[in-house]
Amino acid sequence: MLPTDGIVAFLALFVLFVALGFLGGRWRKGDLSDLHEWALAGRRLGTGLVWFLVGADLYTAYTFVAIPSGVFAKGAIYFYAVPYVSLTFGFAIIFMPMLWKVAHEKGYITGADFAKGTFNSRTLAMLIAVVGIVAELPYIALQIVGMQAILTVMLQGVGDVTTVSEISLVIAFIVLAAFTYTSGLRGATLTAILKDILIFASIVAVILVVAFGSGLGAGFTAKPAYSTLASTLQNGYWSLFLVSALALYLYPHAINGVLSGQDAEKVRKSTALLPFYGVGLALLAMFGVMIYANSAATNLVKSLGGSGVLVVPSLIQSVLPSWATGIAFLGIFIGGLVPAAIMAISQANLLTRNIIKEFRPNMSPAAETKIAKWASVGFKFLALAFVFVVNSTYAVQLQLFGGILIVQTMPAMFGGLLTKRLNKNGLIVGLVVSEVVGVYLMEAANNFTTWSTTFYATPGLGAFFIGATTLTINLVIVLAWSLVMRPKPSM
Amino acid sequence: MKSKDAVAAVLIIIPFIVYFAIPTYNMVNPMWGGVPFFWWYQTVWLALSAVLFFFAAVLMGRKS
């Protein structure tokens, strides 16, 4: 177990975190029974706060669990996260201010609202809402896997670690559900700032200790095969970073973050600066290599079962003093909790506005908000249940599969911002076909057994990310359909 | 206004070209503090793309 000063630091900061979460409700107070107040913080977040909030979506368990564990197991291919983080903001500064403007003018709160308004299709909007909700679930589950990894390393040696860490997780989730329910997005924003500061400080601390100790390059000396990308994986590399870059801003939680901004130009500028945030992600990814030069950390990972999800916490515990480890662990722990809250809020919005409201159009705004609040609680515990049933290595693949699902909404979303000429039936067929093909290719690539890869051996391209193949199919259907069904020019 | 948008477009496209040109950075040397070129070059480009995107954002935001 982590020595007492580490546990004390962890618990003290957790109390501060909870206090901030509840205080958020009073901050820049609005009427929290109104959905756009609860879910978008009244659209009053300035450049700095949007930076932290959207940055919080980025610095998730994806960054400190999925990517380092991928690098640890497979090497350079998982560094795709770096070009992905740069390029996603290139797309975002073009499309997101456009979305913000339309949303502000027409009162949209979700991406599905936009699809419904632009293409005048309830079917398309509901499909997009369902895809959004489903794609978020494995993302939330991954956050919980990250929190579990922290607890496993922190509490190792305490009798029955599994039971103790599961009980701790349930407690953390009850607290989280309580403050999300009362404070909405405001609570998440304040806690995001605390989390970002703690994680940044921890990364810098570990890098300094490693740099002045064995040196940053020692891991590459110990594992020379990880120095570069195998030439057979180049198509896999770019297909993975391109599709991931397109997918990020299609996730409901990212759209939610953008729409909470004060105006389109503030959103654009804060988004443009976000690649800076990615430098921390790149360093964390390198932890997956650095660990090979640190025998204490590799032994710790091995003794706890050898799972790559333990790489970052094990390395931190091996190089930092125990009090600093406690602080870093809390940063990573709430680094899973905060995005989980933001994601559950965005799922709740979709369920309430774009699914339930379609069947109960006369619902009052207060009833709508109440359902959304309870739905956000429900989604969190659904994801928690999911993690207790599914094993952690599997969760990383499921998150990538979530990306394959969500990117299929790109033609309707980004396409709809660029042109009014896309045919709604073409969009519906393209979306449904590409999702079905995506599931089939996932199964086929893994020989219909447990999912361990998202690459499909594509003729002429080698290992190719499934999301790129299915997005291509989707785009071909949408464009061909829209050309054939093009309205006759009226005189 | 048109020329501003064109400049902004070029600024945004540069990081795409850099990252898609995988053979130009998929190598071990020159190393930096023992870290292979593949790893540090792409990390440095994160900071550079933030700067380029920021100038692009400022240009796009200006009223003509």
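Quick check on my filter: what residues within the range B:11-35 are at negative phi, without any contact (Cβ under 8 Å) to a residue 12 or more places away in the chain and within 9 Å of another protein chain (Cβ to nearest Cβ)? B:I13, B:F16, B:F20, B:I22, B:P23, B:M27, B:V28, B:M31, B:W32, B:V35, listed by residue number. All of B:A8, B:A57, B:A47 fail the test of being modelled with pLDDT under 95, in a helix (DSSP H, G or I), within 7 Å of chain A (Cβ to nearest Cβ) and more than 30 Å from A:S214 (Cα to Cα), apart from B:A57.
Here's the yes/no breakdown for (1) more than 24 Å from A:V54 (Cβ to Cβ); (2) out of contact with any Gly (no Cβ under 6 Å at 6 or more places or on another chain); (3) at pLDDT 80 or above:
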position	(1), (2), (3)
A:V158	yes, yes, no
A:V161	yes, yes, no
A:G184	no, yes, no
A:G187	no, no, no
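Could you list, in sequence order, the residues of the range A:302-319 that are aliphatic (A, V, I, L, M), surrounded by fewer than 24 Cβ atoms within 10 Å (Cβ to Cβ) and more than 22 Å from A:A172 (Cβ to Cβ)?
A:V319
Taking the listed residues A:V338, A:V377, the one that is of a type in the set (A, V, I, L, M, F, W, C) and surrounded by fewer than 24 Cβ atoms within 10 Å (Cβ to Cβ) is A:V377, with no other qualifying.
Regarding the range A:306-313, can at least one residue be identified that is closer than 17 Å to A:G217 by Cβ, more than 14 Å from chain B (Cβ to nearest Cβ) and outside any helix (DSSP H, G or I)? No; the residues of the range A:306-313 include none that is closer than 17 Å to A:G217 by Cβ, more than 14 Å from chain B (Cβ to nearest Cβ) and outside any helix (DSSP H, G or I).
Taken together, the residues in the range A:63-76 that are within 11 Å of another protein chain (Cβ to nearest Cβ) and part of a helix (DSSP H, G or I) amount to 2. Of the residues examined, A:F287 is not one that is assigned to a helix (DSSP H, G or I), of a type in the set (F, W, Y) and facing chain B (nearest Cβ under 8 Å).
The residue that is modelled with the highest pLDDT, counting only those in the range B:23-44 that are surrounded by fewer than 20 Cβ atoms within 10 Å (Cβ to Cβ) and aliphatic (A, V, I, L, M), is B:V44. Cβ-Cβ distances below 7 Å connect no pair with a first residue in the range A:215-227 that is within 8 Å of chain B (Cβ to nearest Cβ) and under 13 Å from A:F72 (Cβ atoms), a second residue that is surrounded by fewer than 16 Cβ atoms within 10 Å (Cβ to Cβ) and among the acidic types (D, E), and a separation of six or more residues or different chains. Residue count for the range A:309-350 under the criterion of being hydroxyl-bearing (S, T, Y) and within 13 Å of A:S376 (Cα to Cα): the result is 1. Suppose the filter is closer than 23 Å to A:P313 by Cα, assigned to a helix (DSSP H, G or I) and either of a type in the set (K, R) or within 9 Å of chain B (Cβ to nearest Cβ) (or both); does A:F79 pass it? Here the answer is yes, as A:F79 does meet what is asked.
Among the residues of the range A:136-143, are any touching a helix residue (DSSP H, G or I) at 6+ places or on another chain (Cβ under 7 Å), more than 26 Å from A:G280 (Cα to Cα), in contact (Cβ under 8 Å) with a residue 40 or more places away in the chain and buried (at least 22 other Cβ atoms within 10 Å of the Cβ)?
Within the range A:136-143, the subset touching a helix residue (DSSP H, G or I) at 6+ places or on another chain (Cβ under 7 Å) is A:136-143.
Narrowing the set further to residues that are more than 26 Å from A:G280 (Cα to Cα) leaves none.
No, the range A:136-143 has no match at all.
Restricting A:V210, A:V204, A:V175 to residues that are more than 19 Å from the chain's Cα centre (by Cα), surrounded by fewer than 18 Cβ atoms within 10 Å (Cβ to Cβ) and under 18 Å from A:P313 (Cα atoms) narrows the list to A:V204. Taken over the range A:240-272, the residue count meeting the criterion of being within 11 Å of chain B (Cβ to nearest Cβ) and part of a helix (DSSP H, G or I) is 12.
Only one entry of A:S490, A:S452 meets the criterion of being of a type in the set (S, T, N, Q), more than 25 Å from A:H253 (Cα to Cα) and either modelled with pLDDT of 90 or more or surrounded by 12 or more Cβ atoms within 10 Å (Cβ to Cβ) (or both), and that entry is A:S452.
The values are calculated or read from the model by the stated rules, or taken from the named source; none is laboratory data. As the structure is a computational prediction, the values presented were derived from the model and not from experiment. Virtual Cβ from ideal backbone geometry, glycine too; neighbours counted across all protein chains shown.
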